[in-house]
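First the structure, in the form of structure tokens, and then the observations on it.
The values are calculated or read from the model by the stated rules, or taken from the named source; none is laboratory data. Keep in mind it's a predicted model, so treat the numbers as computed, not measured. Methodologically, a virtual Cβ is constructed for each residue, glycine included, from the backbone with ideal geometry; neighbour enumeration extends over all protein chains shown. Protein only, heavy atoms only, side chains kept; ligands, DNA and RNA dropped before computing areas. Shrake-Rupley method; radii C 1.70, N 1.55, O 1.52, S 1.80 Å.
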Amino acid sequence: MKISLKIFALLALVVSLASCSEDFLETTPTSSYDQSFVFTTTDNAFAALNGMHKSMVAQYNSRQNLGGYPSFQIAMDCLGEDLVFPTAGNGWWTNTGEVKWSANRNPNGWMVYFPYQLCYKLISNANMILDNIDAAEGPDNQKNMIKGQALAYRGMAYSWLVQLYGDRYNANSANDGLAVPLVINTVEVMKPQETVANIYAQIVTDLEQSITYLSDPDNSYISFTSKSHIVASTAMGLRARAALTMQDWANAKKYAEMAINTTSATLMSQTQYTQGFNNADNPEWMWGFEMIPDQTMYFYGYMAYMSWNFNSSNIRGCPKCINSLLYNKISDTDIRKTLWDPTGRAFTMPSSSYKRYPYMNKKFAVEDYSSSVADANYMRLGEMYLIAAEACANLNDATGAANHLYTLVSTRDKSYTKTVATGAALLEEIYVQRRIELWGEGFRFLDLKRLNLPLDRTGANHDESVSLTMKVPAGDILWKYAIPQDEIDANDYIESTVND
Amino acid sequence: MRKTKLFLCLVTMLVSLLANAQNITVKGSVADKGTGEPIPYASIQLKGTLTGTSTDANGQFVIDVPKNGTLIFSFVGYQYQEISVNGRLIINVDLVQEVASLDEVVFVAFGTVAKKDFTGSAVALESKKLENRPLTNVTNALEGLSAGVQFTSASGQPGSSGSIRIRGFGSINASSSPLYVVDGVPYDAISNISADDIENITILKDAASSALYGSRAANGVVLVTTKKGHSEKLNFEVKVNQGVSVRGISEYDRLDADQYYPVMWESYRNSLLSASGSTHTMATASAAASKNIASQLMNNPYNVADNQIVLEDGTLNPNASLLYSEDLDWSKAIARTGHKQEYSINAGGATDKSDYYMSLGYLKEEGYSIKSYMERATARLNMNVQPKKWLKAGLNLSGTMANSNITNTESSSGYVNPFYFSRNMGPIYPIYQHDETGNYVLDSNGEKIYEWTNRGAGANSGRHIIAETLWNENLYKRNILNTRAYMDFNILKGLKLSFNAGYDFRNYLNTVYENPTVGDGSPAGRSKLTSYRYDTWNFNQLLTYKGAVGDHNFDLLIGHESYKNDYKYIYGIKQGIVAEGNTELINFTTINSLTSYLNKYRTEGYMARANYNFNHKYYLSASFRRDATSRFYKDSRWGNFWSVGGSWRMDQESFMADATWVSNLKLRASYGSVGNDGTDSWYSWQSLYGILNNANESGFIQSTQAGNKNLKWEVNRSFDLALEYGLFNNRLSGQIEFFHRISDNLLFEVPLPMSSGVLSQWQNIGTMYNQGLEVQISGDIIRNKNFNWNMTVNVTTIKNEITKLPQESIISGTKKYMVGHSMYDFWLRESAGVDPNTGDALYFKDVLDENGEVTGDRITTNDYNAATYYYVGTSIPDFWGSVQNTVTWKNFDFSMLCTYQVGGLVYDSVYASLMSYSSYGSSLHVDIINRWKETGDVTDVPRIDNGRNNYQNAGSSRWLTDASYLSIRNISIAYNLPKSLVSKIDLSGIRVYASAENVYSFTARKGMDPQYSFAGTQSNVYSPARIITFGLNIQF
């Protein structure tokens, strides 16, 4: 029958259409790649390292004061006494807790969440590289160079974590207080808190291994043009910093001097010192981040808060100032004295809507005041001299200390004469030079904590209604950040009473 | 004259005798079956010819027709009837109104079912009910329609609609929204469809009715069907609406300037006293406060010096008066009265071989927030043809073009969010610049100048919402195309093969321009262009068989379906404006970012369904669907979903024959499983690295979400039991329904420890159930020839409980998920009031014994970091529902819809921020007047102290507010002009109407919207609008 032919034809049609091809349901995103792809070759693994470099300067959590490592640097100075906010501005850094010391122990706040988040992100990415790179296709020396950089990141991240979330390291005690979980591979990712002592032991191991890998001339697989990559001297600098915090003066001296001798960086000229600290071409920069215009950080950037001329409401309403007592200690012949204006009236501002306050800074600047694009500086040669000087002074090598100090300060102040101080006076002079030199670069809170000094903002130009907290005794609980609540909630090993 | 008449008579008789030798004269009447009233001007037509007549004013007619002809009787609003003459000389016809009756159909998955034969749980909204409620987004008409369905409020943005939850909350992290299906294909942008084109919206509530959409129907289905032509008589309608839109929810009550300065003074003074290491006394602190408060607030709006505004006793200087009190109201400045207008025409008709429908519409609605609006033009053509008995085909094509300017409320505390900005602006800051005497400062054109510099840290210094809104743009251009096409082959009697195809295309182009003078674009000026493009294809093949053996009726279906969704995203932003007035990217110098990506989502499924009934009295139905989704790894992606249901029409039983007072009594039950794959990303199972380039070198970064190859379907198993009744000729009707719905293998975004570097992972782990009772009663309180008053009440109560979780507890915002609690139970510090000695806010804290165990005793503490957290209530109401009153009197229709909720709590974080004072310059709620001031004061508002704000105003149960409300959602009145009047001008109908949406709400606190979210949270958003519309509808 004709009709049944029709039926069969149609049914056949139905059956042939009624199922889709095998890979109809297989979909892959275009904005991401599968994990396995990233470690097939060493070139891809190198890209994973680049991702870590970029994640140091990126926008986090949709909060403008969480712009990566530079935001951490600002926080460390906000907590100190040398950086002064003349007004509360538009709230960033003041009402968010850093300047006021009002959120150090709040486990639910962003102030303790962010460094924890960023550090463990770097640690996890480093662990992924270290665990997977040996299986990748590519030359061994490239693998070792990549491992060297990953280990440097891990060491740096743990030293940052232990300094914030653990008790102060004391070379004369056991340091067995608990700090943060020590995660060093991709398998055991939920761990209990580790002691301060053991964390520092791991830091030392990681950084020394990193130095070994990166110092091997075979492993300088590619000569880097970008200062965002970690080279041997940078790893040495990180090791020196860790030793300084551990009051391990011998190693601090050893590695600082090693960094000074290995690096290709040279101390900048006086002119370069006044050029705004925004360009990685500055010969003194050892490690930093090079920002291109289409990776601008907008209002998350370091310069959006610390520069004197970027057109953000935070800067226009609240230029960042130096502590007047510290300013008065700067020698009049020192080029660094010109970076701050005690009158508040001397600088010519980009427009009249910029407010001016006494002791406002000009140290940090953007090239184009409509854009916050600027390179970020993580480590420069000057710091190495200060570490070496401080280490020598603690080893009672006053001459060595004086020499290192002279090498540095003489480039800043042509009239500087080598110091003859010894003992506590010598150390005090080194500390003052360190505060002047590294102003705004992220060291003050960490220095006060490691030196067991109190915070004292009195007697200077702090406005107590802005700064709120004028004194904090050394050893106070406020010197230790609370463990973030999200970690406590998700980590079975951490009790909910850990912050009590 | 008489001769001519006689002559004409003879001619006529001859002609009619010759032409229609078989004609007879038929007389009769046409009446309304329900009321018995005669229908004047009803149309009577001889089928197949142009011969026709109409009834007179008394409903009587006379017509000459062949003995064996067929007459078609019709009138607007009634079902037409075809009656064979069969030689009768008198034919009286009763026409049935096209209103709710048991003969109507229910739209279900892949077809329709007669309402009496439907064994599931569904509620429908017909187009007739939409006639008097002109809505831009028709989903808003569903609120209050059915028990068991909860809504959040639609924002004031024109075209927006609220979220829907059908029978509770199906998932914790995955989507809990229902599946929207338009003409058989999943599609959720309902705001793109003109309300005029909607024939029917049906909400499918239970597993049995939605099981054929199994894979994504876990949270219920909203089925939308568009109009098609259906009557022999061509319908042609023209509609015009005009209306206004204003702010529907008043602003929170806040302090005015004269109250504010002294309060801020006190906050400052107290902070000087309580600062660590402070050496102040009350006297020195008061003096310092009086001297410096103006420099903290950064603006002095008074005619006295800065240090004389607040005296040292804390009172406002009696000589101080405001220089520009008219320029301080920001809430008023961000709002306006928006104008709404809508024009549309639609036409449809049918013949025995085809039907057609066309519509054209234009709408422009201005929101009450300045500059926001939506403008939409829609067109539709829906045509079905049946050239042969065994072949039917159709095409439904519609296009929409819409432009809108969106008020940016993406962030609750964004500078560009006008509600956040104006609500939190202190009452002492002017919108424009003034000189020292209070006069406006004018520019060279004599225009006022905006002021944005002299503001305190808490008053968004440097930003200006009015200037930014007026000088910036946030435009969306939308182009939409929807097509549905099908072919049906009736192969044998009862056996039909259908091919259905659907293609939907949506492209949203968003242009954001940020001016160079003030705002995020300052100082360079920026322009951003984002394109979102969705291409969706859906194709299914169905084989159905309908048959009967004696009293056994059955219909069977088997089929296959595939669905494809491609999402393409393109984004570019440049800064550095060259010339003002041109927002195109070419007018900017530097590229800040340029990127694009493509995401894909696919599903495929096989389905089968069988419906059986015995004599339309006993029903049994079953369905099965096997589905796969691209969202899961290949080994885990298939899921099986099924359902069974049955019903018993008790009123059809012989033992019920005597109970004539029962018109309808049906008992039904169903049980089924449906699935959910709604994770937030389409690639949640994959372990990924994102792209993050380091300057010009390529870079990868590990995703903060771990992959999971075992991720699979979340399953909802629901049980439903209902009794539907209709008594006294359906004068009293309704239903009582019980449901129990278990969500298993919950798709959960499990938080991982931050120290693992990976913050979360999707897992199937967790079980939760929703259980509730729905009661609906509808009664015609008065039912007369001319007057009818119907009241319909529905009430629902729901219980939600978690029965299994991946870890002992998971804290999410203000909630803690734990076995034995609902997903919306608040977990907060518990406020213990205010210490009368110090004015400190107190919180409860558990007393622990030596082992660290809870003893059960509690003490109070003023340190919020030491406070213990407790379960302090839930956002889920005790019960909720709606009351609808409909009154018809002669030609007037009146209806009022109220919705209500009893119980439940809201965490009013907006109120909390208005009671906080961490920054000088932000506004304060009037409740701050009741604050503690000196030892011995007993109050619930703590001492104000800028330095101790986090301690005084920490998150706690203090901010929980009763969420009960009564809301008058809609009032509408319509008048149909009398048919007699209308047909005189050759029209079928004229209707005028007025309708008001969001008339008024009674809530626990002015300014709060308890319907903002199901979780009981609050946010600074574009709060709902009150819209009043007047309309005119003409039918030709």
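Residues in segment B:109-118: is at least one touching a Pro at 6+ places or on another chain (Cβ under 9 Å) and either outside any loop (DSSP other than H, G, I, E, B) or modelled with pLDDT of 80 or more (or both)? Before the answer, list the steps.
Restricting attention to segment B:109-118, the residues satisfying the condition of being touching a Pro at 6+ places or on another chain (Cβ under 9 Å) are none.
No, segment B:109-118 contains no residue that is touching a Pro at 6+ places or on another chain (Cβ under 9 Å) and either outside any loop (DSSP other than H, G, I, E, B) or modelled with pLDDT of 80 or more (or both).
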### Message
Residues that are out of contact with any Gly (no Cβ under 6 Å at 6 or more places or on another chain), surrounded by fewer than 21 Cβ atoms within 10 Å (Cβ to Cβ) and of a type outside the set (A, V, I, L, M, F, W, C): does segment B:908-915 have at least one?
### Response
yes
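If you check residue A:51 against the conditions, is it within 22 Å of residue B:414 (Cβ to Cβ) and either among the acidic types (Asp, Glu) or within 11 Å of chain B (Cβ to nearest Cβ) (or both)? Give the derivation first.
Values: within 22 Å of residue B:414 (Cβ to Cβ): no; either among the acidic types (Asp, Glu) or within 11 Å of chain B (Cβ to nearest Cβ) (or both): yes.
Here the answer is no, as residue A:51 does not meet what is asked.
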### Positions within segment A:283-320 being part of a loop (DSSP other than H, G, I, E, B), under 23 Å from residue A:226 (Cβ atoms) and either open to solvent by less than 20 Å² (accessible area, probe 1.4 Å) or facing chain B (nearest Cβ under 8 Å) (or both), in sequence order
A:284, A:290, A:291, A:292, A:296, A:297, A:301, A:307
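Residue-by-condition table, conditions (1) touching a helix residue (DSSP H, G or I) at 6+ places or on another chain (Cβ under 6 Å); (2) at pLDDT 90 or above:
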| residue | (1), (2) |
| --- | --- |
| B:495 | no, yes |
| B:504 | no, yes |
| B:519 | yes, no |
| B:526 | no, yes |
| B:538 | no, yes |
| B:552 | no, yes |
| B:559 | no, yes |
| B:574 | yes, yes |
### Task
Take segment B:579-615 and flag every residue that is of a type in the set (D, E, K, R), within 8 Å of chain A (Cβ to nearest Cβ) and open to solvent by 30 Å² or more (accessible area, probe 1.4 Å).
B:600
### Task
With the checklist (1) in a helix (DSSP H, G or I); (2) in contact with a Leu (Cβ under 7 Å, 6 or more places away or on another chain) in hand, flag the one item residue A:234 doesn't pass.
(2)
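For (1) touching a strand residue (DSSP E or B) at 6+ places or on another chain (Cβ under 6 Å); (2) part of a strand (DSSP E or B); (3) crowded, with 19+ Cβ neighbours inside 10 Å; (4) without any contact (Cβ under 8 Å) to a residue 12 or more places away in the chain, each residue gets a yes or a no:
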position	(1), (2), (3), (4)
B:970	yes, yes, yes, no
B:973	yes, yes, no, no
B:990	yes, yes, no, no
B:995	yes, yes, yes, no
B:1004	yes, no, no, no
B:1008	no, no, yes, no
B:1012	no, no, yes, no
B:1030	yes, yes, no, no
### Message
Name the residue that is farthest from the other protein chains (Cβ to nearest Cβ), counting only residues in segment A:479-500 that are surrounded by fewer than 20 Cβ atoms within 10 Å (Cβ to Cβ) and in a loop (DSSP other than H, G, I, E, B).
### Response
A:498
### Task
Considering every residue within segment B:546-553, establish whether at least one is touching a strand residue (DSSP E or B) at 6+ places or on another chain (Cβ under 6 Å), within 14 Å of chain A (Cβ to nearest Cβ) and assigned to a strand (DSSP E or B).
no
### Task
Determine the pairs where a residue that is within 13 Å of chain A (Cβ to nearest Cβ), located within segment B:745-771, has a partner that is part of a strand (DSSP E or B) and of a type in the set (Ser, Thr, Tyr) with Cβ atoms under 7 Å apart, the partner being 6 or more residues away or on another chain.
B:749/B:760; B:750/B:760; B:751/B:760; B:752/B:760
### Message
I need the full set of residues from segment B:678-703 which are within 7 Å of chain A (Cβ to nearest Cβ), hydroxyl-bearing (Ser, Thr, Tyr) and under 37 Å from the mean Cα position of the chain (by Cα), in order please.
### Response
B:683, B:687, B:689, B:703
#### Entry: Positions within segment B:775-804 being modelled with pLDDT under 95, charged (D, E, K, R) and either touching a helix residue (DSSP H, G or I) at 6+ places or on another chain (Cβ under 9 Å) or assigned to a strand (DSSP E or B) (or both), in sequence order
B:780, B:783, B:804
### Message
Among the residues of segment B:469-506, what is the count of those that are within 14 Å of chain A (Cβ to nearest Cβ) and in a helix (DSSP H, G or I)?
### Response
0
### Message
Between B:247, B:216, which is within 24 Å of residue B:534 (Cα to Cα) and among the basic types (Lys, Arg)?
### Response
B:216
### Output for segment A:448-478, where each listed residue is within 24 Å of residue A:94 (Cβ to Cβ), open to solvent by 10 Å² or more (accessible area, probe 1.4 Å), more than 10 Å from every other protein chain (Cβ to nearest Cβ) and assigned to a helix (DSSP H, G or I)
A:449, A:477
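Just to be sure, is residue A:338 out of contact with any Cys (no Cβ under 8 Å at 6 or more places or on another chain), more than 11 Å from every other protein chain (Cβ to nearest Cβ), assigned to a loop (DSSP other than H, G, I, E, B) and among the polar types (S, T, N, Q)? Break it down into steps so the answer makes sense when it comes.
Values: out of contact with any Cys (no Cβ under 8 Å at 6 or more places or on another chain): yes; more than 11 Å from every other protein chain (Cβ to nearest Cβ): yes; assigned to a loop (DSSP other than H, G, I, E, B): no; among the polar types (S, T, N, Q): yes.
No; evaluated as a whole, the condition is false for this residue.
Might you let me know whether segment B:264-275 holds any residue that is of a type in the set (Gly, Ala, Ser) and over 48 Å from the mean Cα position of the chain (by Cα)? It would help to see each step written out before you state the result.
Pass one, segment B:264-275, residues of a type in the set (Gly, Ala, Ser): B:267, B:271, B:274-275.
Okay, now just the ones that are also over 48 Å from the mean Cα position of the chain (by Cα), so B:274-275.
Yes: segment B:264-275 contains one or more residues that are of a type in the set (Gly, Ala, Ser) and over 48 Å from the mean Cα position of the chain (by Cα).
Residue by residue through segment B:631-643, note down the ones that are in contact with a Gly (Cβ under 7 Å, 6 or more places away or on another chain) and either open to solvent by less than 80 Å² (accessible area, probe 1.4 Å) or hydroxyl-bearing (Ser, Thr, Tyr) (or both).
Of all residues in segment B:631-643, those in contact with a Gly (Cβ under 7 Å, 6 or more places away or on another chain) come to B:639, B:641-643.
Hits for segment B:631-643 are B:639, B:641, B:643.
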